[in-house]
Structure formats: structure tokens, C-alpha cells
Amino acid sequence: MTDTTIALPVKRRRPRGAFNALGLFSLAVLLFWLLAAVIGPTLIANTGSSMGEAPVFAPVSAVHWFGTDFLGRDMFARVVQGARYTVGVALSATLLASGSGTLLALLAAASGRWLDAVLSRAIDTLTSVPGKMFALIMVAAFGSSMPTLILTAAIIYLPGAYRIARSLAVNIDAMDYVTVARTRGEGRLYIMLREILPNIVGPMLADLGLRFVYVVLLLASLSFLGLGVQPPAADWGSLVRENIGALPTGGAAIIMPALSIASLTIAVNLLIDNLPGRSVRGAN
Amino acid sequence: MGAVVTVSGLNIVAATRFGDMAIVKDLNFRIEPGEVLALIGESGSGKTTTALALMGYARDGCRISGGSIRIGEVDVLGLAPAQQRALRGRTVAYIAQSAAASFNPSRSIMDQVVEPTQIHALMPRAEAEAKAVALFRELALPDPENIGARYPHQVSGGQLQRLMAAMALITDPELVILDEPTTALDVTTQIEVLRAFRRVVRERRATAVYVSHDLAVVAQMADHILVLRDGVMRELGSTEQIIEAPRNDYTQSLLAAAQPKMRDAGQVSGGAGVAPLLEVKGLSAGYGQKTILENIDLKLYRGQAIGVIGESGSGKTTLARAVAGLIAPAKGSIVFDGRQLGTTLQARSKEDLRRIQIVFQMADTALNPSQTIERILARPLQFYKGLSGAPLKARIAQLLDLVQLPATLAQRFPGGLSGGQKQRVNLARALAAEPDLILCDEVTSALDTVVGAAVLDLMAQLRRELGVSYLFISHDLHTVRSVCDEIVVMQHGRKLAQVARADFERGPHHPYYEQLARSVPELRRGWLDDVPAAVAA
């Protein structure tokens, strides 16, 4: 009996399903980039690959909103073109990695014993393969395409998501309410999705936000090795790298793609922290 | 040597989004040197908050908003934060409820016991260790010379609680705060710990504050009792006056809840020709190589309540788990309503599972925090009965009514309920399956006396009205006696005796049952002195 329970007046919450201001803002940023990825290339006539019309590393102007790059191409067009790769590939790879990692972890926790052991050791084996080496093999075998890149990044980041989700799920699995569900005769799927998943989804979403940043970085480094998105197309990470020459002069060409990456990752993380029904401190 | 403690006009508030809310209101009391004052009340009454305030400390989100606290010559609330830190552990010492959670598992006991003297630079380490050994001896700890070299997990819970007292007393504090120090212990262990505490407190003439919800325990320890409710003092008086002639209504209800009370038995269809509902034959079970239960036989008739009693590690919870199908027995069989039950959950039919439900001790971990009460109660109804729509809603309302909860609770999450309410929801979930047998694992031991008594009343009433049977697991003989028709006494995984209701008070009984019976604290002064030494051993 530690008297920690204090009779507080009933908390009046925001109605369930409503976003707060910060959540709405981050949602808007995310939607903007998603839109750019999906319909951006068709809206912008300038493909961003014509050269020679503008000076190299031009500053921000009415014509070139984001300046120009090391070949004099319009940076805004380049960034919008790149959104497809960064938002599309990175976001879907992250969702795939976290989603399948969580599902496998739930299966392992709810099944226990040998299935848990087999799954965990198999996934541990994956972690022993260096990520970039694995990507090299994948690209060599299947060529560099968006599906290959998504799958590759997802496989590289799945073990981490699995490990975190499994340790969370195993703790929840030991709770009495899961035991009650078991003695009721509930199936494995119900226990996984109804009893355990809602209680680990908070930390898993936080992990997803973090993992997303790593996938963006992985894509950029793959492009650097010539394994990722192939020139002249470029994801945002590659845009930062190819315009690295603008760094000493503080050119827009390097700042703008970097800002784009920052705005996307911050938006994803802010959105996760401000999802409706979740208090920021995670306690309910 | 203790100091005078004076508290006047103490107000503590909690910050909420609607502004400050008072949790302790205008409290005044004075403790003479060497006296023990008990703070008593239910969860949320502000007793721990008050005790912590004596160290100038308020929990996160709380604030001491007014009043003064003086320990001897020191004005605690007037001190700067650094001076308050110097006060804590030196002038005021605190003994928490869970010693297991208060010790660092990776450091030796001696390191931790002498730590306060080192932090406050009171004496050289060798001197502190010698003093610690003397304290261990005073607290009747086994092998006082060497116990300090052990690690917290190498000693028992009762020993750890006494080691924590040694840690608190090593600086010769002027005020000792004991916050429910025996609540987490078995009754038999509780006696030795209470004895040790009382002896050191008396010998050192320390001023002490004893926080508890258990009046019977407090009656052994305290000179004066302060009854708190909702942060307001209800009554303050000498221990004799409070337990013999309480003036306040609330104090009277506390006393009533603490009195042993027989609850009506209901209809038991026992007798010669009737087959038992549950029959456990020669049951042995355990985890891996370790055997926990050995050769248990048990018969339970429809409508009957059987209590299973024993201390921690006696195997009583394992018995309930084996009956529930959570542990496959190594030997023996479980026959339910004339048919042998499968040993695992998978081997049992849905109907078998429906007829046996389980209610756990910790209401917190037994309710999924992400589901509303309505959803928690709806699931067994959908699962077993296929109810939906209006009949489902109606049945949920009916269940809530059955466990005496308001229907408005249905839309809340478990986090917004009190301990007693949660335990009622747990019961309602079990009842939703319309079971023949409910396995109750320590259902009231995490609750206050008053709340626990209300839950027991409810369970007795449900038995009368619905004819449901209980297998009631508890370490508290007092609880078991009040609701059960028969008591099975267990120790070290074996069944020692079975006592029928008519014989609860009549002997002769198995010596272990006698020991358990004598270990239940009685609500009178001097009980601790009367308990034979053999019990405490």
C-alpha cells in the first residue's frame, strides 16, 4: 500500500481521434512530402536535369527556389524528384521493417518455446551480415530498383525492430491479463493483436521514427557507393553528397536537401509523439 | 535519542491541469521524544505523503504549500535544498515498504547499510561496520558478523526488511519513518520483524512515525494513532482510546473492517451421495526439475468455498495454476464434474475453460490497460456466448451492477479506477463466463482493510446468489476464515491438514495451522507480547 493513488478529478481529454496543433502541423509537413513524392514530378515541367542555363551553386531566387546544384540544375526540381526515393523508399522500407519485425516478435512472444528460439536465432543470424555487404549482394543479384532497395533496407533494419518488439512483448506476455486470455481459450492471433500489440505500439512507433532516420542515411550511403538510386535521379541523401562542394560557401544546394531531410524526419517523429490518444510522456 | 516533532498547519497540494488540489489539509500534531505515532488510513488518504513531508520531501507533482514542521530545533521547511539533503538519512531516516526494491542488487548489504554514514561523513568506515554488526545483532538477524558480506538476493524478505532498518538507524536519527514496513511480508515473518522493530525503537528511544493501513499491526507498535482520510485528520488519540473507544465514524468503520467476521456460507450440495465438483487426486507439479507440489488431494463440492493457506513458496498458487490448466501436472489427475480435465489449456475444450475462471491478486496487471472496462467485460461474453449488440450491452450493465459498480465506469480505462474497483471488474470478468468454479489467487491482499472487506462481502453474496464455488488462495488466515467452508493448510508443497468451518476455533489442529492462527495480528494492545516465542521462531 504505497499511497500513490491520489483521487484526481476525472481528466477531460481531447476527444479521441483529434490531433493537437503540433500533430496537425507535422501531419501537414508529412502530407506535403508525400504529395511531392506522388504527383510532384508530373507538376514540375522542369525535370531538373537540364544544364547550362543557370550558374553553378546559384543562391535562392524567384526562378530557382532552392538555388541550383553543382551542374546548374534547379535544386527545387531535384528535391521534388528525390522525394519519391527518400519518402517512398525510406518510409516504406521502415514501415516494412518495423511492421514485420513487430509481427514476428508478437508471434515469438505469444508462441514461446521453440518457435521463439528458432525465430530469434534466425534473425540474430541476419544481424551478423554487415548491412552494406548485404545490400551489395542484393543489388548485384537483382539490380538496383525501388523494390530491391525497399526490401534490402527492410531486411537490414528488421532485426533491430524485432529485438525491441520481442523484449517488450515478452514482458506484456507475462502479465496476468494475457494469462486470463489464455485460460479463456483465446487463439494465438487474438493474444498477439488484441492483448499484446496495443500495449507495445507506443514504444514501437517511437522506434519507427528513429529507424526511419537510419534508413534515409543508409539510402544515401548506398547511393554514394553507386548501389542505390542511379544518377541522374537522386534521393535527398545523394543530393547532399553530390553538392558537398557548396559547403564552404554555404550554398543553398546543400542546405535545401539537408533541410528537407530534417523536416521529414522531425515531422515523422513529432507526428508519432502527438498521435491522438497518446500522451507525450507515454503514461495513461 | 529522539527529538520532539511538531507539525502545524501542514498543507500539501498536487498540481493538476485545473490548478492545485489539496491532498493533505491543515494537519497538526506533535510527537514527544521516544514516542511512536501511527498514521493510519486507506490508499489515497495522504498518509505516505505526510510521512514524506517530514523529510521536507514532496513527490513529483506535489508541493508542500504551507505550514511548518519542526524536528527538535530544526525548521525542516525553512531549510535550503542542500541543508534538507543533509537532514535526510541523518536526522530523519525512512524505511520503505519494499526492502527488495530499496536495495541495489549489485552491491553487498554492508556497503549499503553503512552508506548513510559515509555520505554524511559521520564516522570512519571500520567504525560504521562495527556499529552495523551491533545493529544486526539487535535486530535478531542470523549470523550478524557475516550477513553484511551477502547480496540482497541472498537473504529472505523479512531479513531484508530488518537490514533496511539497520541502514536507517545507523546514523542514530532523531526521527524514524516506517512506511508500511511489514505489509509485503507473510504473517509469520511479520511477527519477527515487528518484534525487532519495536525493540530497537524502544531501546534507542527513537521518535518514530509508523505508516500503515492495518490497525492490528499499529496497535502493537504505536503510542498514539492519527486517523487520516482524504488528507484530513479524522481522529488523533492514544492507541487504547482509538481501538477501544473510537469517536469518529470513519475510525469505527476501520475497526469494524478489521474485526474477524464470518460471512454466510450459502448452499453447499455436499454429502455422501453427491459427486464433488472438483476432485484433485495425488497431484504433483513443478517447473522443470523442481517439484513444487507433492501428492495433493482435494475435494470441492458445488457451492463450496475452500481456502488454501500457506506462506510464500508453499505451492498454493501452483495448485491454482494446475487446476486452471496453466501448469501440466507431473503426476495425478484433476476431475471436474465427473470428467478428467486435460493437463494443458490446449487439451481442454472451450466449455471446460469457461467453467473454471481465475481472478488474480494484482488487479493492475490483470486488466489490459489499453482496453476499456466495457471491452474487457464484452470479450468473454462474445467469446463464450456469442452475444452482440443490445443484449451484450445489457449483460455488461448487469455484470457491473452485480459487482456494485456504476454503469458509467464502462467507458473508462483501468488506469482511471481504484484498486478495489479494478478487483471488482476482475470478478465481473470471471462472472461473465458464468463459471462453476472461480480460482481466487490472493484477491484481497493488495487491497486496504476496508476495501478488501467490501470485496469479501461481495464474494460471499455472489456465492449465495449464483451458487458459484471458490478455491480461495491466500496467505491471510483471517481472510480465508471469513469466507471459506474449509481450509486446506499447505507448507513446502504438501497438504498438512484440512479444517472444516465448524472446527476453525476448536482444536486440536496441526501445529502449523496453530502457528498461522496465532500469527494473525489481533486488534488489542500487547498481542505481540503474548504471542509465544515459538511462533516467532
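The values are calculated or read from the model by the stated rules, or taken from the named source; none is laboratory data. All of these numbers come straight from a predicted model, not from anything done at the bench. Using ideal geometry, Cβ is built from the backbone for each residue, glycine included, and neighbour counts are taken over all protein chains shown.
Here is a yes/no grid of residues against (1) surrounded by fewer than 24 Cβ atoms within 10 Å (Cβ to Cβ); (2) more than 18 Å from B:C484 (Cα to Cα); (3) modelled with pLDDT under 85:
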{"residue": "B:K299", "(1), (2), (3)": "yes, no, no"}
{"residue": "B:G303", "(1), (2), (3)": "yes, no, no"}
{"residue": "B:G307", "(1), (2), (3)": "no, no, no"}
{"residue": "B:G313", "(1), (2), (3)": "yes, yes, yes"}
{"residue": "B:T318", "(1), (2), (3)": "no, yes, no"}
{"residue": "B:A328", "(1), (2), (3)": "yes, yes, no"}
{"residue": "B:K331", "(1), (2), (3)": "yes, yes, no"}
{"residue": "B:I334", "(1), (2), (3)": "yes, yes, no"}
{"residue": "B:G338", "(1), (2), (3)": "yes, yes, no"}
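Can you find a residue in the range A:155-171 that is within 12 Å of another protein chain (Cβ to nearest Cβ), surrounded by fewer than 23 Cβ atoms within 10 Å (Cβ to Cβ), over 15 Å from the mean Cα position of the chain (by Cα) and not hydroxyl-bearing (S, T, Y)? Yes: one or more hits. Of note, B:P124 does not satisfy the criterion of being in contact with a strand residue (DSSP E or B) (Cβ under 9 Å, 6 or more places away or on another chain) and more than 19 Å from B:E192 (Cβ to Cβ).
In summary, helices (runs of 4 or more DSSP H) completely within the range B:156-250 and bearing 3 or more residues that are surrounded by fewer than 19 Cβ atoms within 10 Å (Cβ to Cβ) and of a type in the set (D, E, K, R) occur at B:187-203.
Restricting to the range B:364-383, name every residue that is within 24 Å of B:Y470 (Cβ to Cβ), of a type in the set (G, A, S) and more than 9 Å from chain A (Cβ to nearest Cβ). None; the set is empty. If you filter the range B:148-191 down to residues that are within 14 Å of chain A (Cβ to nearest Cβ) and of a type in the set (D, E, K, R), you find that the one that is farthest from the chain's Cα centre (by Cα) is B:D179.
Of the strands (runs of 3 or more DSSP E) lying entirely inside the range B:1-120, those carrying at least 2 residues that are within 12 Å of chain A (Cβ to nearest Cβ) and either touching a residue at least 24 places away in the same chain (Cβ under 8 Å) or in contact with a Gly (Cβ under 7 Å, 6 or more places away or on another chain) (or both) are B:5-16, B:19-31, B:36-40. Pick from B:K393, B:K331: which is more than 8 Å from chain A (Cβ to nearest Cβ), touching a strand residue (DSSP E or B) at 6+ places or on another chain (Cβ under 6 Å) and basic (K, R)? So the residue among B:K393, B:K331 that is more than 8 Å from chain A (Cβ to nearest Cβ), touching a strand residue (DSSP E or B) at 6+ places or on another chain (Cβ under 6 Å) and basic (K, R) is B:K331.
Selection within the range B:410-433: residues that are aliphatic (A, V, I, L, M) and farther than 22 Å from B:V468 by Cβ. The member of this set that is farthest from the other protein chains (Cβ to nearest Cβ) is B:A410. Within the range A:196-209, is even one residue among the β-branched types (V, I, T), more than 14 Å from chain B (Cβ to nearest Cβ) and surrounded by 16 or more Cβ atoms within 10 Å (Cβ to Cβ)? So far as the range A:196-209 goes, no, none of its residues is among the β-branched types (V, I, T), more than 14 Å from chain B (Cβ to nearest Cβ) and surrounded by 16 or more Cβ atoms within 10 Å (Cβ to Cβ). For B:Q361, the conditions (1) within 12 Å of another protein chain (Cβ to nearest Cβ); (2) more than 29 Å from B:Y512 (Cα to Cα); (3) assigned to a loop (DSSP other than H, G, I, E, B) all hold with the exception of (2).
Condition check for B:L402 on (1) away from every other protein chain (no Cβ under 11 Å); (2) surrounded by fewer than 18 Cβ atoms within 10 Å (Cβ to Cβ): one failure, at (2). Would you check if B:N28 is buried (at least 17 other Cβ atoms within 10 Å of the Cβ), of a type in the set (S, T, N, Q) and not assigned by TED's automatic domain parsing to the domain that holds B:V227? No: the conditions fail for B:N28. With respect to the conditions (1) surrounded by 16 or more Cβ atoms within 10 Å (Cβ to Cβ); (2) in a helix (DSSP H, G or I), B:Q371 falls short on a single one, namely (2). Looking at A:V240, is it β-branched (V, I, T), modelled with pLDDT under 90 and surrounded by fewer than 21 Cβ atoms within 10 Å (Cβ to Cβ)? No.
Being surrounded by 15 or more Cβ atoms within 10 Å (Cβ to Cβ) and at positive phi is true of B:G67. Identify the residue in the range B:340-359 that is polar (S, T, N, Q) and closer than 19 Å to B:S469 by Cα and, among all such residues, is surrounded by the fewest Cβ atoms within 10 Å (Cβ to Cβ). Only one residue tops the list, namely B:Q340.
Only a single criterion out of (1) within 14 Å of A:S260 (Cβ to Cβ); (2) crowded, with 16+ Cβ neighbours inside 10 Å is not satisfied by A:G101, namely (1). The single residue among A:M175, A:M256, A:M192 that is at pLDDT below 90, within 14 Å of chain B (Cβ to nearest Cβ) and buried (at least 20 other Cβ atoms within 10 Å of the Cβ) turns out to be A:M175. On the basis of being without any contact (Cβ under 8 Å) to a residue 12 or more places away in the chain and either away from every other protein chain (no Cβ under 11 Å) or out of contact with any Gly (no Cβ under 8 Å at 6 or more places or on another chain) (or both), does B:E351 make the cut? Yes, satisfied. Restricting attention to the range B:70-87, the residues being closer than 20 Å to B:V201 by Cα and surrounded by fewer than 18 Cβ atoms within 10 Å (Cβ to Cβ) number 1.
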